[in-house]
Amino acid sequence: MAEVKLNFHKPSLRGEITVPGDKSISHRSIMFGSIAEGCTTVSGFLLGDDCLSTIDCFRKLGVKIELNGTDVVINSKGMNNWQEPLDILYTGNSGTTTRLMLGLLAGSNIHAILNGDASIGKRPMKRVITPLREMGAHITGRMDGQYTPLAIKGSQLKAIEYEMPVASAQVKSAILLASLQAEGTTIIHEKDISRDHTERMLRQFGADINVENGTISYKGGQKIHATHVNVPGDISSAAFFLVAGAMAEDSEIILRNVGLNHTRTGIIDVLQEMGANMDIIVDNEDAAEPTGTIIIRTSELVGITIDGDLIPRLIDEIPIIALLATKAKGKTVIRDAAELKVKETDRITAVVEELKKLGATIEATDDGMIIHGENQLRGASLKTYGDHRIGMMGAIASLLTDGSVKLDDADCIAVSYPTFFEDIKNII
């Protein structure tokens, strides 16, 4: 744990940043490359702690994975030739690794135990275990599988039809990954559409998947083919600098190679509705994952209401959106976001408590928060709760506060953005 004192305050922010690779896509590139027989290559891989945990798990399953900077080479004999691990599959702080591995291992021919850090030990796993058990998975764990550690013994799975109770790409992806080995056609119904990286990557690796009007259908037993994956910059990481550029005076920040997948661009919708001075230049709309350049400038912002089907498209960006709202004219209301309570920490409580320390007028609600804008922010000592997004929110706040901001644990930011502080220095 590294405490850090930040004195970044600058009247203007200018420069160019290429944000690191998308965390969700990086995880999945390793998983699909390990499922497929042959050699899969990846460029733009995120070297964050979470994604390195995914690599470590698959190496323990006998998959050969070589890292050369942000390039990865995966040589796999295919899912049916994975080796039973000699050690626990340690997933660190990564909920994506933990939940998606459960789906993959459910239909395998091996036995494994999954465990993560203290934060993972508090995150709900029953939402994944329930549909997997319906498919025939053999999974046991603490409090009947509610929490890690979890033990799983691969078994023959059968297809199910499942109505998603919450919008969760991790739950949806775990079911889809289990359906690879299931007999029959698995059908998933989504009321609110969550991020679709798994569906896109299935197609990229040669699988036939049908997605129509919130219903996903996948027939088990299809062969997955090795390919090349280009990982775009993570829009969740870019969001911190989009907010910084919009809030700071006399500023212009250019963000290149940002992923523009429509299931992830809720932050752009919010910025536009709040009145942000922003340009978007699409590079390749027809790619497996579309990308583009975003230019953000100092903006006159107004408060808005953020709710409904927009929430799954920006759930990870809500901490930094809350900071943005402290500078907007009027009131910003965030609701329908109870999912924040079961992230790396209770992000509703964490965001409200830490922004209050900075001088924000903000209150928590059962499913979100209310922020009254045009606050003058001041320096303070902040807790990160070991949550990378709370840590980055505090660091971006230090660009705007009168006085320094102290973070109790800056190391947690490396989970998703290991070069975060270097990129801050590029714009000040």
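The values are calculated or read from the model by the stated rules, or taken from the named source; none is laboratory data. Being a predicted model, the structure only gives us computed values, none of them experimental. Cβ placement follows ideal geometry from the backbone for every residue including glycine, while neighbour counts extend to all protein chains displayed.
Does Lys425 satisfy the criteria of being at pLDDT 95 or above and either outside the structural domain of Ala246 (by TED's automatic domain parsing) or among the basic types (Lys, Arg) (or both)? Against the criterion (at pLDDT 95 or above and either outside the structural domain of Ala246 (by TED's automatic domain parsing) or among the basic types (Lys, Arg) (or both)), Lys425 does not qualify. Determine whether Ile315 is at pLDDT 95 or above and within 21 Å of Arg127 (Cβ to Cβ). Judged against the criteria, Ile315 is a match.
For segment 219-235, residues that are surrounded by fewer than 23 Cβ atoms within 10 Å (Cβ to Cβ) and more than 19 Å from Val72 (Cβ to Cβ) total 5. Filtering segment 1-52 to residues that are surrounded by fewer than 24 Cβ atoms within 10 Å (Cβ to Cβ), of a type in the set (S, T, N, Q) and farther than 30 Å from Arg378 by Cα leaves Thr41, Ser43. Checking each residue in segment 1-58 for being touching a Phe, Trp or Tyr at 6+ places or on another chain (Cβ under 7 Å), aliphatic (A, V, I, L, M), in contact (Cβ under 8 Å) with a residue 60 or more places away in the chain and not assigned by TED's automatic domain parsing to the domain that holds Leu242 picks out only Ala36. Ser94 - would you say it is surrounded by fewer than 19 Cβ atoms within 10 Å (Cβ to Cβ) and not hydrophobic (A, V, I, L, M, F, W, C)? For Ser94, the condition - surrounded by fewer than 19 Cβ atoms within 10 Å (Cβ to Cβ) and not hydrophobic (A, V, I, L, M, F, W, C) - is not met.
Within segment 391-421, the residues that satisfy the criterion of being of a type outside the set (A, V, I, L, M, F, W, C), more than 22 Å from Ala246 (Cα to Cα) and surrounded by fewer than 23 Cβ atoms within 10 Å (Cβ to Cβ) are Lys406, Asp408, Asp409, Asp411, Pro418. When Gly379, Gly391, Gly386 are checked against the criterion of being assigned by TED's automatic domain parsing to the domain that holds Lys329, within 26 Å of Glu252 (Cβ to Cβ) and touching a residue at least 24 places away in the same chain (Cβ under 8 Å), a single residue qualifies: Gly379.
Among the conditions (1) buried (at least 17 other Cβ atoms within 10 Å of the Cβ); (2) in contact (Cβ under 8 Å) with a residue 40 or more places away in the chain, Leu260 misses just one, which is (2).
At least 3 residues being at pLDDT 95 or above is the threshold, and among the strands (runs of 3 or more DSSP E) wholly inside segment 1-63 those reaching it are 14-18, 37-43.
Screening Thr263 on (1) among the β-branched types (Val, Ile, Thr); (2) in a helix (DSSP H, G or I); (3) closer than 19 Å to Ser29 by Cβ shows it passes everything except condition (2). When restricted to residues that are closer than 24 Å to Glu163 by Cα, surrounded by fewer than 21 Cβ atoms within 10 Å (Cβ to Cβ) and either in contact with a Gly (Cβ under 9 Å, 6 or more places away or on another chain) or not assigned by TED's automatic domain parsing to the domain that holds Gly92 (or both), segment 140-153 contains 1.
Tallying residues that are farther than 25 Å from Thr345 by Cβ, in a loop (DSSP other than H, G, I, E, B) and among the charged types (D, E, K, R) within segment 69-117 yields 2.
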